[in-house]
Amino acid sequence: MALATDVPKESFRLSMLIYDTRFRSITIQVVVLLLFLLLVGWLVDNTVQNLAAKDKDISFGFLWQRAGYDIEQQLIPYTNDSTHGRATIIGLLNTLAVAALGCVFATVIGVFAGVLRLSNNWIVGRLMTVYVEIFRNVPLLLWIILIFVVTSETQPAPSDFKVTAAMIEARAALAGAGTVAESAGLLDRITGIYVFSMPFFLWLVIGIGLVVASWQFAATRLAASGTTRALIPAAAAVVWIGLALTLFNDGLTRATETLAAQGTVQTEPANQKMLFDSTALTNRGAYVPAPILDRPLGGTEIATIPVNYSVLATLAVIALSVFANLALLRRARAIQEETGNRPTTWWQSLAILFLPTIALLWAMGFHLDIPAFATDEAGVSKGFNFQGGILVQHSFTALVVALSLYTGAFIAEIVRSGIMAISRGQSEAAFALGLRPGRTMNLIILPQALRVIIPPLISQYLNLTKNTSLGIAVSYLDLKGTLGGISLNQTGRELECMLLMMLIYLIISLLISSVMNVFNAAVKLKER
Amino acid sequence: MKKSALFGALAATTMIVGAATAGTLDDVKARGELICGSNTGLTGFGMPDANGTWVGFDVALCRAVAAAVLGDPTKVKFVPTTGETRFTALASGEVDLLVRNSTWTYSRDNDLKLDFVAVNYYDGQGFMVKKDLGVSSAKELDGATVCIQTGTTTELNLADFFKFNNISYTPVTVQDDSEAQRQYLAGACDTYTTDASGLAAARATMADPENHIILPEIISKEPLGPVVRHGDNQWGDIVRWTFNALLIAEEKGITKANIEEVASTTTDPEIRRMLGLEGDYGKMMGLDNGAFKAAIMAGGNYGEIFEANIGSATPIGLARGLNALWTQGGLQYAAPFR
């Protein structure tokens, strides 16, 4: 009996799709795909039907219509005659400005805080812990609003900087009387200090911090006797008190002195500009000097976006300087490796880095446009706001500061985890070679920690960029404020605006993560 | 089994979404409650009082509609909406009716697919400044910082006004009236611009109203009125005629106090038609014949509502002006009840 050849040729049956392991996985995938497509189809169909029921269509034509509203902060020219599309670009640039600055500051803050949190100095380490825990555990929105309210409510209104006609008269009267302010003696300087004031409190707190920190430094770093240890904090205290009597004296005594000296007539506005009379902090924002060129190189427009040749030329010169400086350092290193002596390069570096840029700016007639009130012949201020300069809105400042500090706290933790991931043997080996702790961190630990740090850092950058849309809470006109806010409202194109906005945020996020992935690929451990 | 339940749910959702767009009257009756979109809080026009009860000029119209449809002016749920969210709330069916100082414009009527069924307040955009600013005309505001509520027609009027007069300004966009007042009082802006009625209401709530002035220029026409969704004509007619009934009541001297007496004694055929004593006028639009009587009883006639909420006896102190009846030189004119 030869039964061996009698193997039945198995034909395909429908039940095999479920019971045969060869087909089952494919079956499940096909079913899932079908369900997913059904869901998408239902969503699209529902949208189309509802739009039809409301007699609405999908059209992006509004992007070419006149916007009709104004935007406070514009990085490229815009008026209310521009289109909604242009307003969208303005909003996008405002978003990118906050995101770029925020990412840079957050990285710097995060690296510092992360490294310092591992410091052997107990106070510094705990302070960083407090910073990280406070910022990480309170919602970002609250930080943004808090910083905005504090910056806008504590500053004086621009009108407090104005010189009124009464002040001019009072000045004339004083000049007639021949009053000359005498410089105060040491006793006056001491007794004049107003103890119950915020500046004095700040001075006191910083002073105590200085003394404690220098005492700790003396105790841990110096193998000296008790007297020397006591000398260092004492010296710090003497310097700090000396500063209070000289440089800071005006700030600490102003409150009482002005009242006593001026009596009822005011000769100066209630508030003065700071930083050599160039910058005014008001409740509307900070008026800072604007860079102005007398002989600009002109510019052109590419797709309605202005391109400024002066800026391009300056950037090119800076890039060339940096490049030349690198070449110089490379040459110095080559000489060092050959002969063992490193040539002095610091003054050449300084010259190469700064002289060409300064020369170019001088040639273009660079100067600063300082914000000031328009005045009439007598010197009385006119108008509502400072003229000239750049107004940095408090909403912008609040957003950048809050985003940097908040994301910085997360980055600090990432940096700390990256450092702790490096085996202790690495730093011990570096110490054994005689490297100081600072150089060990910069040359041995951080470069290796980067490999651990970068992947989670990408997601922090993405978070920060997306979180810029919280600017709506402080009326910052970013992409959400223009396209997703006013344009949406004035045109009633909710669906189009939302889709476009999602697409733009998606593209920004993908761009950031691809750039960071390229960087990651460059620094990661090369496996050969 | 699970799959069919899912599809059932999907189908049901689609049907509900489809059904929500028409038949607002039936929805309101079935719900037993009118959902009215209101201001987030504008004194005199719409805000909750100390007990949490909504009161105000716009609120009174909502209550009149509720009285006409449901017979009870308290059966209203008020949904506060901002300048930005109001039309979306209406279009999506979240509210049945929007009475929230909304300006009737061409594009809102046509592009947003809304219907403005009446004008309950003829307004215009004005500017408020602090007295010590020393400004007496809006044309002196060159270079000023202006607080402006976003998502409003005032935003566009403002840009037009400054452009037309060839002067410049810096806008500070804010979300709502209270934020605008905070910024204005803190000096973050030199002037606050919105509808003149809104400015009067804002000034009434300030600690020192005498130190703020409203500039004489009115830079726009702002006909404010109740809004319904486009396409539901029956519901639009109900709101329009409820408002008309309030106007006719003032014209004919019918007040909240004397309405019962008038109803029992009147021989005026228009009043008899309106109060449901003659003919089937209420039934024509799917309501009870006594619907408009109930609407008038809710808060009184148009004049009574005006005086009680925003009139000269209130802190807001608005004069009737354009909002007087046509018989007294104003623009409020109701079509005949016939």
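General remarks:
- FRET efficiency, A:Ile190 to A:Thr154 (Cβ-Cβ, R0 35 Å, nearest 0.05): 0.75
- Convex hull volume per residue, computed on the Cα atoms of region A:297-448, equals 267 Å³.
- Prolate/oblate/rounded call for region B:215-338, Cα gyration tensor, a/c under 1.5 rounded: oblate
- At q = 0.17, 0.19, 0.20 Å⁻¹, base-10 log of I(q)/I(0) for region B:125-220 (Debye sum, equal scatterers on each alpha carbon): -0.64, -0.82, -0.92
- Relative to its Kirkwood radius, the Cα radius of gyration of chain B gives an Rg/Rh of 1.02.
- With contacts taken as Cα pairs under 8 Å at a separation of at least 6 residues, region A:299-367 carries a relative contact order of 30 percent.
- Phi to ³J(HN,Hα) by Karplus 6.51 cos²θ - 1.76 cosθ + 1.60 over region B:269-283, Hz, x for Gly, Pro: x, 5, 5, 5, 5, 5, 7, x, 8, 8, x, 10, 5, x, 5
- Amide H to amide H distances under 5 Å link A:Phe386 with no residue, where only residues 5 or more positions off or on other chains count and H is placed in the peptide plane.
- Computed Rg/Rh of region B:18-168, alpha carbon atoms with Kirkwood Rh: 1.05
- Annotation for region B:197-233 versus region B:298-338: alpha-carbon center distance of 15 Å.
- Segment B:Glu140-B:Ser312, length gained on full extension (0.36 nm per residue, minus Cα span): 59.0 nm
- When only Cα pairs below 8 angstrom with a gap of at least 6 residues are kept, chain A shows a relative contact order of 23 percent.
- For chain B, averaging the sequence separation of C-alpha pairs within contact (under 8 Å, six or more residues apart) and dividing by the residue count gives a relative contact order of 21 percent.
- Label point 7 Å beyond Cα of A:Trp215 along Cβ direction - residues of region A:233-252 with amide nitrogen under 17 Å: A:233-241
- In this structure, A:Ser197 and A:Arg436 have a Cβ-Cβ separation that, at R0 = 45 Å, corresponds to a calculated FRET efficiency of about 0.60.
- 10 Å-binned pair-distance histogram of the protein assembly as shown (Cα, whole percent): 2, 9, 14, 18, 18, 14, 11, 7, 4, 2, 1, 0, 0, 0
- Interface area, chains A and B: about 3300 Å² of buried accessible surface, summed, with a 1.4 Å probe and ligands, DNA and RNA left out.
- Overall Cα dimensions of region A:93-164 - principal axes, largest extent first, Å: 56, 32, 23
- Aspartates and glutamates whose Cα lies under 15 Å from that of B:Lys283, excluding same-chain neighbours fewer than 8 positions away: B:Asp26, B:Asp237
- Rounded to 5, the percent of DSSP beta bridges in chain B classed as antiparallel: 50
- Cysteine residues of the protein assembly as shown whose Cβ has no partner cysteine Cβ closer than 4.7 Å: A:Cys103, A:Cys497.
- Global geometry of region A:299-367, whether rounded, prolate or oblate, following the gyration tensor of its Cα atoms and the 1.5 cut on a/c: oblate
- Dividing the Cα radius of gyration of region A:62-116 by 2.2 N^0.38 Å, with N the residue count, gives 1.63.
- By the Cα gyration tensor, region A:413-528 has an equivalent ellipsoid whose semi-axes, rounded to whole angstrom, run 44, 15, 8 from largest to smallest.
- Secondary structure note: in the protein assembly as shown, about 70% of the DSSP beta bridges are antiparallel.
- Extension gain (nm, one decimal) between A:Ala359 and A:Leu243, 0.36 nm per residue minus Cα-Cα: 38.0 nm
- Part-to-part distance (alpha-carbon centres) for region B:103-124 and region B:81-96, which is given in Å: 14
- Translational diffusion of region A:335-408, µm² s⁻¹ [Kirkwood Rh, Cα pairs; Stokes-Einstein; 37 °C; 0.692 mPa s]: 182
- Using R0 = 25 Å, the C-beta based FRET efficiency linking A:Lys382 and A:Ser278 works out to 0.75.
- Summarised as an ellipsoid, region B:164-275 has semi-axes of 42, 19, 13 Å, derived from the eigenvalues of the Cα gyration tensor scaled by 5 and square-rooted, with the largest first.
- Exposure rule at most 14 other beta-carbon atoms within 10 Å, DSSP loop GluC sites (Glu not before Pro): chain A longest free segment: A:183-376
- Cα centroid of region A:112-178 to Cα centroid of region A:441-463, whole Å: 31
- Beta bridges per DSSP with both ends in region B:79-224, % antiparallel, nearest 5: 55
The values are calculated or read from the model by the stated rules, or taken from the named source; none is laboratory data. Source: prediction; values computed, not measured. Neighbour counts run over all protein chains shown; Cβ positions are idealised from the backbone, glycine included. In case anyone asks, the SASA skips ligands and DNA or RNA and just uses the protein heavy atoms, side chains included. Shrake-Rupley method; radii C 1.70, N 1.55, O 1.52, S 1.80 Å.
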